Amino acid sequence: QYLAGVEDTLSQIHNMGVDYLNKNNAADTGLALALGVEEVTPLDMAKAYSVFANNGKKVSVGGILKITNDKNTVLWERKVENTEQVLDPQAAYLINNILSDNNARPANWTNLVIPNRTVAVKTGTSIDIVNNVKKPKDLWTIGYTPSLVTAVWAGNNKGNISVLTADGITNAASIWKAFMTKALENKPKEEFS
């Protein structure tokens, strides 16, 4: 972000689908923006990471893919609208390659690995310091394959829990792994292009 500049970084973030972030307030945070000091929604995180999964193309996000009746007749199916190239495909490839490299992770980070699958995954943890005590606040895991992006947030909005072991890898990632393992169970294996 230092080399790109805060304004260009904010523009790219918005181009990738992060709508919740207040552009004016975020500009005031300066370089700390890259560390996650501004609030965003899980939906916006899923939209942004879907750009990586789609080789730099932004697609609209939808919660319902298809509606069928009891005879499995399709009553409605979501059509993918126009896609827009918002990130260089090579940049998306590099991010996918880095975030899917299980060998770069400590061996005990098993919540970030789905056996026999290539998944890209990123965690994050923010803390509040109250009376010189670190208290976990936002625990994130966002992970994806080329066709499925899942963002998990677990949190401590009131800041009244002082369990120092709460973090994105332990808490949010265990939820992410359980969901992704089940969601990918009968799907074909995919690799990032």
ask   = What number of residues within the range 42-69 are more than 27 Å from GLU191 (Cα to Cα) and open to solvent by less than 40 Å² (accessible area, probe 1.4 Å)?
value = 0
query = Pick from the range 70-100 the residues that are more than 18 Å from PRO146 (Cβ to Cβ) and of a type in the set (A, V, I, L, M): which of them is least open to solvent (accessible area, probe 1.4 Å)?
reply = VAL74
key: Candidate set: the range 121-141, residues that are over 14 Å from VAL152 (Cα atoms) and aliphatic (A, V, I, L, M); chosen: the one modelled with the highest pLDDT   = ILE127
key: Count of residues meeting criterion [assigned to a loop (DSSP other than H, G, I, E, B), of a type outside the set (Asp, Glu) and open to solvent by less than 80 Å² (accessible area, probe 1.4 Å)] in the range 101-115   = 4
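Table: residues versus (1) without any contact (Cβ under 8 Å) to a residue 12 or more places away in the chain; (2) part of a helix (DSSP H, G or I).
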| site | (1), (2) |
| --- | --- |
| ALA48 | no, yes |
| ASN72 | yes, no |
| GLU81 | no, no |
| TYR93 | no, yes |
| ARG117 | no, no |
| GLY124 | no, no |
| LEU139 | no, no |
Any hit, the range 131-144, residues being surrounded by fewer than 14 Cβ atoms within 10 Å (Cβ to Cβ) and acidic (Asp, Glu) = no
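The values are calculated or read from the model by the stated rules, or taken from the named source; none is laboratory data. Since we're looking at a predicted model, the values are computed, not measured. Don't worry about glycine lacking a Cβ; one is built from the backbone with ideal geometry, like all the others, and counts go over all protein chains shown. Ligands, DNA and RNA are stripped out before the accessible areas are found, and what is left, the full protein with its side chains, is counted by its heavy atoms. Shrake-Rupley method; radii C 1.70, N 1.55, O 1.52, S 1.80 Å.
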